[in-house]
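*Asks:* Pasting a structure here, questions to come.
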Amino acid sequence: MQILLYSGFGKRENSTKHPQIADATRTVTGYLREPCSIMSPVFKIERFPSDASPQSFTYAYISEFVRWYFVKDWTWTDGLWQCSLEVDVLASFKADIGNSEAYIERCAHEFDGAIQDKWYPVTTDFETEKVVLSSGWNGVAPSGGCYVLGIICNANRAASQIGGAVTYYVMTPSQLGSLMGYLLGTGFLDDNGFPATQTATQQLTQDTAKALINPVQYIASCMWLPVPADLISDGQDHAIVLGYYDLDSNVAVGQYLEAVVFTMPLTGQIPIHPQAMTRGKFMNYAPYTRLTLNVPPFGAIPLDTSFCEMGSYLRGQVWCDPITGKATMRIELHPDATYSGSGAVVREVSTMMGVPIQLAQMTPDYINAIGSAITLATTIDSAWRGDIGEGALATRSYGAIGSAIDSLMPQVESQGVSGSFLATVMPPLLTAQFFKVVDDDNTEFGRPLCSIRQIKNIPGFIKCRDAHVDFSCYKEERVRIINYMISGFYWE
């Protein structure tokens, strides 16, 4: 029986690679040692040519068996060289394997970047990127914005009486300062001790008048908002009606409130993970990326990264009630900067956008009164958002090697519960934390594909989820082929 021997040829055990039959280094005649099998034959060779060294031959082909073999060993016995072979099932059935289809779990030729690759651990090295978002209220100083005053009066103005018996005026800071200066100064009472708008028959002593007449009591509410007055008013200056008294327009004016609710935008773009381009877009999602939206006065808001598939352009639409100062922000994601359509709603949170202002008759210094009314926004730990929860990275067996994802602390979510001028000072920020994955070895381990493919169209490393061998071979050969395909092999 003829045996084709090859020297200088090397390959991985789990590879389909084999040399060309015509490239055999030496052809020898051998005799099967009895008993032996086709899968593990043993041959005795009478003699080698003087220029041949048997130890250099490491691979073989036997045409009668139609199989390729690894040379396991050479043994000198009874004056003859004895060659022990072991079938190379991947090379012997390469054509049949290549023509078959299988569910490819991982491979080196192509990959699906949307599939999370848990093969590699995450390091403690991470990057933080902050994006300053554009908002309609940031940068409005406490001396700017406007004030919405609810004043109890006998005015009969349907357009301004949103609150029924209370008329709401929108005032600039200077207009409110003029009103408070007039009410809390000497101008509201004349020299005879009664309101300048009263008749002589209603005279009171000045001390009695000051004790009984408190003009500030007719102001039911005062709310500061970080928006210009013309956004929510009728844009016309009107004389103030305070209780029973019509104030002169030269003394105090305000604009009628027309907007029951007004809106403000918040826009920005979510950054991408620095490894997303090379490792796959799954790096833009938890647990590799954590996104936190810090929007005073709404607080710290963790974002669900699974919504990022809908787009990376973020828009927060804020609806605010100018009377109560309460606001709701709906966060949406859009595919482009046009923000067209409704977008994907990520979160919706509510808080106090306005700042309630305490007005006191005993404090004629209005500016200091406003300054003393500033209250810091308090936060509550309303939810401990576990972004790493059930979606935590489950690493494979790495011995003592761990993944930084396993030790991540949960994100804290906080929400503002009272109005604060901090919203005008602290800009809205989107903070992205990017956790990095160790270097990969695509050639040896591949990347996730999870798709059915024909084997011969996927060069390099291949790992199948499941495999079926329906071509003609021995049972043990079938078991070996399936084990190689499931554990990983190389199509070469």
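Each reported figure results from applying straightforward, stated rules to the coordinates on display, with no laboratory input. The structure displayed is predicted, hence computed values, not measured ones. Note that each Cβ is placed from the backbone with ideal geometry, even for glycine, and that neighbours are counted across all protein chains shown.
*Asks:* Give, as a single signed number, the net charge of other residues whose beta carbon lies under 10 Å from the beta carbon of PHE307, with Lys and Arg counted +1 and Asp and Glu -1.
*Replies:* Around PHE307, the surrounding residues sum to -2.
*Asks:* From the alpha carbon gyration tensor of the range 1-144, can you work out the equivalent ellipsoid semi-axes (sqrt of 5 times each eigenvalue) and give them in Å, largest to smallest? Numbers along the way, then the final one.
*Replies:* Numbers: eigenvalues 768, 57, 33 Å².
Value: 62, 17, 13 Å, ordered largest first.
*Asks:* Which FRET efficiency, nearest 0.05, do THR25 and MET426 yield, Cβ-Cβ r, R0 60 Å?
*Replies:* Approximately 0.20, to the nearest 0.05.
*Asks:* A further question follows. Once you put a point 7 Å from the Cα of ASP96 and another 7 Å from the Cα of GLU46, both along the Cβ direction, what distance in nm separates them?
*Replies:* Output for this residue pair reads 3.5 nm.
*Asks:* Sort VAL148, VAL66, VAL349, VAL251 by Cβ crowding within 10 Å, fewest neighbours at the top.
*Replies:* Starting with the residue having the fewest Cβ neighbours, the order is VAL66, VAL251, VAL349, VAL148.
*Asks:* So, one more: Please rank HIS273, HIS18, fewest neighbouring Cβ atoms within 10 Å first, as an exposure proxy.
*Replies:* The order, fewest Cβ neighbours first, is HIS18, HIS273.
*Asks:* Fewest to most neighbouring Cβ within 10 Å: what's the order for ASP336, ASP234?
*Replies:* The fewest-first ordering by Cβ neighbours comes to ASP336, ASP234.
*Asks:* Given 0.36 nm per residue, what is the gain on full extension from THR278 to GLN236 after removing their alpha carbon distance, in nm? Write down the numbers at each step before the final one.
*Replies:* Numbers: separation 42, 0.36 × 42 = 15.12 nm, distance 5.93 nm.
Value of the extension gain: 9.2 nm.
*Asks:* To continue, here is another question. Going highest first, how would you order 222-228, 79-85 by mean Cβ packing within 10 Å?
*Replies:* Top of the packing list down: 222-228, 79-85.
*Asks:* Now for a different question. Please compute the modelled spin-label separation between TRP76 and THR124, points set 7 Å along Cα→Cβ, answer in nm with one decimal.
*Replies:* Using points 7 Å along Cα→Cβ, the separation is 5.9 nm.
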